[in-house]
Each structure stands twice: as C-alpha cells, then as structure tokens.
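Colleague: Quick one: the structure is below, and I'll ask about it shortly.
Nothing in this text is a laboratory measurement; each read-out follows from the coordinates by a stated rule. In this text, all values refer to a predicted model and were calculated from it rather than measured experimentally. Cβ coordinates were reconstructed from backbone atoms using ideal geometry, including for glycine residues, and neighbour counts include every protein chain displayed.
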Amino acid sequence: MSGHSKWATTKHKKAIIDAKRGKLFAKLVKNVEVAARIGGGDIAGNPTLYEAIQKAKKSSVPNDNIDRAVKRGSGVESGGADYETIIYEAYGPAGVGMLIECLTDNRNRSASDVRVAVTRNGGTMADAGSVARMFARKGVVTVPKHQDGKDVSEDAILEAALDAGLEEVSDAADSWEAICDPNDTMDVRKAIEAAGMEYDSSEVGFVASFDQTVDEAEVAHKVFRIIDALEDSDDVQNVFTNLDLTPEVEASLNSDD
C-alpha cells in the first residue's frame with residue numbers, strides 16, 4: 001500500500017487557499033447533512049456523523065451551520081436535498097489516475113462539471129473500473145508529526161493502534177497517516193487519542209495501491225490544474241490521485257507557493 005501520502009501534499013496546497021474557504025464550508029456542511037440523513041442525528045450512534053462534524057469544526061465551520069445541517073439531514077428541519085454519491089474516473093498527464101468523488105442532487109450537472117474540468121485542462125475521462133482498480137477504500141487517520149513541542153513517531157502510532165486494526169503508517173510530509181480497514185477507522189482514531197496524540201482528520205477515502213511518479217514540475221502543475229478545476233465544482237467532495245512527486249519536483253512546487 002502506498003501513494004496516499006502524495007495526495008496529502010495536494011490537499012495541503014488546497015487548504016491554504018483562503019479564497020476557497022466558502023466552497024470548503026459548503027462541502028463540509030453538505031457532508032454533515034448527508035451523514036445525518038443516512039445514520040440519524042445522534043452522534044453517539046452515528047460515528048460517520050461524528051467524524052463529519054469534527055472535520056467541519058477543525059476547518060472552523062460555524063457551529064450554527066453544523067447544527068442546521070444535522071437538523072436538515074435528520075428531518076427535524078425542512079429544506080434538505082436528496083444527495084447521492086457518484087464516483088468518476090479520469091487520467092491526468094503522465095498517466096496519473098484520479099478518482100473524483102461527488103456528492104450531488106443532480107447527476108447531469110455533476111457529470112458535465114467533471115468532464116469539462118478534466119478535458120479542458122489536459123486530462124481524459126476513463127472507463128468505469130480502469131482507475132478504480134488501482135485504489136482501495138481505506139480508513140485514514142491523519143496525525144501531525146509535531147504536537148505541543150514534541151515529535152510523534154511512526155512507532156508511537158503503531159504501538160497505540162495496532163490492536164485496534166491499524167494496517168500501516170504512511171509518511172505524509174508534516175503528518176503521519178494511519179491506514180486501516182474502513183470499519184476500523186473509529187477504533188484506530190480512538191486508540192490514537194487514548195495514547196495522548198491529537199489527530200487532524202479521520203475519514204474513509206481511497207488509497208492508491210501503487211504510485212505514478214512525476215519527475216517534471218510542469219507536468220505536476222498540469223495535474224494540479226485539473227484538481228483545482230474539479231474542486232471549483234460544488235458537487236466535487238474529494239479528488240484522490242496516485243500522484244508521486246520526486247523530491248526535486250516537490251521542492252520546486254513549494255518554492256512557487
């Protein structure tokens with residue numbers, strides 16, 4: 001298992017762009033609403049809702065927005081939309097695989113948005129299954145390497161969470177990613193917290209089974225342009241890739257920021 005850490009680099013680049021904060025809030029609120037609709041509004045009995053709320057809070061989404069989303073999703077308030085999850089598959093430059101996860105109430109709009117974002121920026125849409133076979137659905141708990149003046153080691157995470165279902169720890173630049181079976185995500189997160197470590201996020205996503213190495217900064221920029229265009233769509237919740245940047249390219253991209 002490898003490759004997920006390379007996507008963390010991409011997510012970090014997106015998280016620091018304040019202009020996208022409004023879109024991020026909307027997507028996180030939508031995620032909360034859907035979690036409440038599927039599993040009910042009680043976080044004690046709905047771990048998916050708990051994680052969605054925690055993720056929204058860590059991104060500074062106002063509590064009022066979160067509360068209203070829970071009420072809409074659980075049916076306490078009217079106005080909730082009927083969202084469904086759709087996965088699109090695409091290839092970027094250099095054969096980089098992309099899984100594009102949408103949460104939408106309009107399939108036609110989502111399909112159009114995704115196709116335009118991919119094809120106008122140098123990518124191609126892929127046949128169903130051709131990219132998905134390169135990924136596995138996994139739980140991922142992200143743990144900062146530096147907490148309260150102390151360094152968190154890979155061994156510390158392994159020791160804390162192996163008995164909870166942890167499969168491996170992946171290096172993601174400033175963080176560690178504890179990877180596990182989706183059903184063990186909550187247990188791994190709790191084990192990490194019980195050991196006195198903080199976590200940045202705990203969610204189920206797609207982890208690449210192998211990397212597609214990109215050793216040219218220009219090619220990497222083209223991949224990021226596709227991701228940027230996709231994330232401009234209100235329907236796109238996540239973009240997962242198997243992009244692997246060489247240290248030289250990563251240094252070049254960081255110097256451009």
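Colleague: Kindly provide the helix-only [θ] at 222 nm of the chain, computed as the sum of -39,500 (n - 2.57) over DSSP H runs of four or more divided by all residues, to the nearest 500 deg cm²/dmol?
Modeller: -13500 deg cm²/dmol
Colleague: Further question on the same structure: Dipole of the chain (Lys/Arg Cβ +1, Asp/Glu Cβ -1, origin at the Cα centre): which of Val114, Gln212, Ala251 lies farthest to the positive side?
Modeller: Val114
Colleague: While we're on this one: Compute the distance from the alpha-carbon center of segment 44-90 to that of segment 133-177, in whole Å.
Modeller: With segment 44-90 and segment 133-177 each reduced to a Cα centre, they are spaced 25 Å.
Colleague: Further, regarding this structure: Report which label in [x] 49, 47, 34; [y] 51, 50, 34; [z] 49, 49, 40 holds the value of Cα extents along the principal axes in Å derived from the coordinates of this structure.
Modeller: It is the one labelled [x].
Colleague: At a 10 Å Cβ-Cβ cut-off, how would you order Ser78, Ser153, Ser110, Ser252, fewest neighbours first?
Modeller: Ser78, Ser153, Ser252, Ser110
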